[in-house]
Amino acid sequence: MKAIVRTSAGTAGGRLQLQELAEPRPAAKEIVIRLAAASINPIDALIREGYGDSLFKWLRAKGPMVMGLDGAGVVSAVGSEVRDFKPGDRVMAATMPFASGFYAEAVAVKAAWACKIPAGLGMAEAAALPYAGLTAAQVLSAAGLDAPSTAGKKVLVHGGSGGIGSLLVQHLHRAGAWVASTCGGSNLEFVRGLGADQVIDYRKQDFTRLLSGMDVVINTVAPDPRARSLNEAPHLSVLKAGGTYASLISPTLTLSDVLGAPLGVAASGAWMGLAKLRWALAGKMHHWVYFRPSGARLAELARWAVEGSYRPVIGRRYPLADAAAALATVERGPARGKVLLCIDQQLLETT
């Protein structure tokens, strides 16, 4: 099969190569998915540059590192202990960042991390949903926004035009929250159309001068891989007393890369403990959100999408061989929804 592999050599900013690899075989609790499409996530661009390597190298399987965290397709094989899936099922799935593997014609993934695609959800939308949708759900839970009390709350979503941010803006709008969002100037009307009440061009406007008294601030924007610090003071300044900050950007992988895995993890724990204490002294709460794959949770999110709580927004599409160009599109920003790798056009069109 063809797959996009991260190599140790290559052009600057690339280090990706289309290679021919052996077809995956399922372990006892795995399924093999013949992929129709995979999605491009901002963290993919960071992983390509080595983000998390100091920690991930202890967790990754040996052999070529195939990029990609999520996608959709059709089951082609099941492990001996799998009972909920059979060949021919339409499925979507996500995996842990240290595992990857979706930038390929086929991938083996734990059956517990996959779900069947419900009627009413297209294959392309299903490919765009897993990583972004699961992350968005975990953010809502951490911020206390997955309850009826969401109505009337003031929420700032950084990166409202991206894959995760666009889902959050849609969901919060429908839940009755007042939503502000930052994005690039070319996406202002797009984010407003998703339901944002106030949209801020982060390149020209300072959100700290425009907003105050927010109940929740959500940061979905991937850090610059060259950054060596996290400045969270601006987010603190716009929160009201008792407000909550939920961020996808934790110092764990960055510090592990800078200091080495054992020392970096220890330093991260100390840094986060001090940060939480500092925020608590200001009367505000701080949560870091870490991605966790879950087929059961993904099935629930897929049902919400079909029922209209939100729909995955798909931006540009690229063939598998153009994965480097697809990643460059995400890196340049500002993103508009999810960028997809279209791997099997026939599957996309007929399922």
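The values are calculated or read from the model by the stated rules, or taken from the named source; none is laboratory data. Treat the numbers as computed from the prediction; the structure is a model and nothing was measured. Note: ideal-geometry Cβ built from the backbone for every residue, glycine included; neighbour counts use all protein chains shown.
Structure notes:
- Any hit, the stretch 238-259, residues being outside any strand (DSSP E or B), buried (at least 17 other Cβ atoms within 10 Å of the Cβ) and modelled with pLDDT of 90 or more: yes
- Scanning the stretch 302-332 for residues that are under 30 Å from Ala175 (Cα atoms) and touching a Cys at 6+ places or on another chain (Cβ under 9 Å) yields one hit, Ala302.
- Lone unmet requirement of (1) modelled with pLDDT of 95 or more; (2) under 20 Å from Val330 (Cβ atoms) for Asp215: (2)
- Residues in the stretch 166-175 include none that are among the hydroxyl-bearing types (Ser, Thr, Tyr), over 30 Å from Pro64 (Cβ atoms) and free of Cβ contacts under 8 Å to residues at least 24 places away in the same chain.
- Residue ranges of helices (runs of 4 or more DSSP H) in the stretch 38-150 with at least 1 members without any contact (Cβ under 8 Å) to a residue 40 or more places away in the chain: 130-142
- Single match in Ala104, Ala114, Ala136 (criterion: in contact with a Pro (Cβ under 9 Å, 6 or more places away or on another chain), more than 18 Å from Leu21 (Cβ to Cβ) and buried (at least 23 other Cβ atoms within 10 Å of the Cβ)): Ala114
- Some residue of the stretch 219-237 being crowded, with 18+ Cβ neighbours inside 10 Å, at pLDDT 95 or above and not assigned by TED's automatic domain parsing to the domain that holds Pro97: no
- Selection status of Ala93, assigned by TED's automatic domain parsing to the domain that holds Tyr51, buried (at least 19 other Cβ atoms within 10 Å of the Cβ) and on the phi < 0 side of the Ramachandran plot: yes
- Thr329 being β-branched (Val, Ile, Thr), within 30 Å of Pro118 (Cβ to Cβ) and free of Cβ contacts under 8 Å to residues at least 60 places away in the same chain: no
- Lone unmet requirement of (1) of a type in the set (A, V, I, L, M, F, W, C); (2) under 30 Å from Gly160 (Cα atoms); (3) at pLDDT 95 or above for Ile31: (2)
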